[in-house]
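Below is one structure, written out as structure tokens; the observations come after it.
The values are calculated or read from the model by the stated rules, or taken from the named source; none is laboratory data. Not measured: the values here are computed from a predicted model. Cβ sites come from the backbone with ideal geometry, for glycine too, and all protein chains shown count toward neighbours. Heavy atoms of the whole protein, side chains included, go into the accessibility calculation; ligands, DNA and RNA do not. Shrake-Rupley method; radii C 1.70, N 1.55, O 1.52, S 1.80 Å.
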Amino acid sequence: MGKVISVGLQKGGVGKSTTTGLTSYILAHQGFRVLAVDFDSQGNLTQFLTRRSPYDFVHKTSLEACKERNPKPYVHAVSDRLHLLPAEDFLSQFDKWLYTEVPVSKQMTILQDTLDTVKDEYDYILIDLPPNLGGLTLNGVCASDYCVVVCQSEPFAYDALDRYMEIVQAAQERVNSNIKIAGILISLLDARTAIGNYITERVKEEYEGFVFNTVIRRKSRIIEFSVEGIQFKSKADREALTMYEEFVEELKKRVSQ
């Protein structure tokens, strides 16, 4: 049965979609069966993995999958081992639908119920969550076996960290007792800045035992992957991907314990 791993923080621009996309890609490249779930109406993960506009997937997204509790008709094959449940703007209607048409007792488990129908078909299911604490994020957290918290090494992301950890704990206590925090991933570190190094050290001190050893440093090549596709050709490619490969190895160990 596949392990469901959400990637989140209620702050935008911290690297959630890139982390979800590259982690999914690397796991599939290693031979695992992977489903990447875009649960953010911006559709950045969809665009990153397919190099297509999210609008190419109108009415063929995670929103329809949740409404039907069946993702199979909406899964897009990126490769033989990597599949994607896409997203686009209409996913922003999720909260309205959730709170007006879904019974209260089922509102926090819609995504979990949906993914349970395909969980046996994948080794890993990774969920890219939006930069807020609305119904999408709450459903994503509650559907998780493990939560990866992505914290950019800058003050606003750091300030959001404590509340996100509280949300995960509340979901564990009230909805899904099996949720575990896989760890906090420090992302987009610019080691030339004092504030970046300071935030990194603060997170390591305050959340000792939760923080991944791997630190994702800011690399322009990673941004280019969203346009050119993920590549292993050049030295710049390898330097960019090595960080994520190291993170994937850490993640696999943490979720197999």
**Request:** Specify which of the listed residues (Ser177, Ser187, Ser144) is surrounded by fewer than 13 Cβ atoms within 10 Å (Cβ to Cβ) and not β-branched (Val, Ile, Thr).
**Result:** Ser177
**Request:** Report, by residue number, each residue of segment 84-120 that is in contact (Cβ under 8 Å) with a residue 12 or more places away in the chain, open to solvent by 20 Å² or more (accessible area, probe 1.4 Å), touching a helix residue (DSSP H, G or I) at 6+ places or on another chain (Cβ under 9 Å) and not hydroxyl-bearing (Ser, Thr, Tyr).
**Result:** Asp89, Phe90, Gln93, Asp95, Trp97, Gln107, Met108, Gln112, Asp113
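Condition check: modelled with pLDDT of 90 or more, surrounded by 19 or more Cβ atoms within 10 Å (Cβ to Cβ) and out of contact with any Lys or Arg (no Cβ under 6 Å at 6 or more places or on another chain). Does Tyr158 satisfy that? Talk me through it step by step, then tell me what you get.
Details: modelled with pLDDT of 90 or more: no; surrounded by 19 or more Cβ atoms within 10 Å (Cβ to Cβ): yes; out of contact with any Lys or Arg (no Cβ under 6 Å at 6 or more places or on another chain): yes.
It is false that Tyr158 is modelled with pLDDT of 90 or more, surrounded by 19 or more Cβ atoms within 10 Å (Cβ to Cβ) and out of contact with any Lys or Arg (no Cβ under 6 Å at 6 or more places or on another chain).
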**Item:** Matching residues, segment 92-113, being touching a Gly at 6+ places or on another chain (Cβ under 8 Å) and assigned to a helix (DSSP H, G or I)
**Value:** Phe94, Asp95, Leu98, Tyr99, Leu111
**Item:** All positions within segment 1-22 that are part of a loop (DSSP other than H, G, I, E, B) and either under 21 Å from Asp162 (Cα atoms) or open to solvent by less than 10 Å² (accessible area, probe 1.4 Å) (or both)
**Value:** Gly2, Leu9, Gln10, Lys11, Gly12, Gly13, Val14, Gly15
**Message:** Being closer than 13 Å to Thr19 by Cβ and part of a strand (DSSP E or B): is that true of Ile216 here?
**Reply:** yes
**Prompt:** What number goes with the only condition from (1) touching a residue at least 40 places away in the same chain (Cβ under 8 Å); (2) open to solvent by 10 Å² or more (accessible area, probe 1.4 Å) that Thr50 does not pass?
**Reply:** (1)
**Complete:** Residue pairs qualifying under the 7 Å Cβ cut-off, at least six apart or on distinct chains, with the first in segment 193-212 being within 17 Å of Phe247 (Cα to Cα) and the second being open to solvent by 60 Å² or more (accessible area, probe 1.4 Å), are Val211/Lys204
**Complete:** Filter segment 130-173 for residues that are within 20 Å of Lys252 (Cα to Cα) and assigned to a loop (DSSP other than H, G, I, E, B); the one that is nearest to the chain's Cα centre (by Cα) is Ser144
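Any chance you could count how many residues in segment 28-47 are open to solvent by less than 20 Å² (accessible area, probe 1.4 Å), in a helix (DSSP H, G or I) and farther than 15 Å from Ala77 by Cα?
The total comes to 0.
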**Request:** Please determine, by comparing only the residues of segment 161-174 that are more than 20 Å from Asp113 (Cβ to Cβ) and in contact with a strand residue (DSSP E or B) (Cβ under 8 Å, 6 or more places away or on another chain), which one is most open to solvent (accessible area, probe 1.4 Å).
**Result:** Met165
**Request:** Select from segment 53-78 the residues that are among the hydroxyl-bearing types (Ser, Thr, Tyr) and either surrounded by 14 or more Cβ atoms within 10 Å (Cβ to Cβ) or in contact with a helix residue (DSSP H, G or I) (Cβ under 6 Å, 6 or more places away or on another chain) (or both) and list them in ascending order.
**Result:** Thr61, Ser62, Tyr74
**Single condition Ala236 does not satisfy, out of (1) farther than 30 Å from Arg52 by Cα; (2) open to solvent by 40 Å² or more (accessible area, probe 1.4 Å); (3) in contact with a helix residue (DSSP H, G or I) (Cβ under 6 Å, 6 or more places away or on another chain)** = (1)
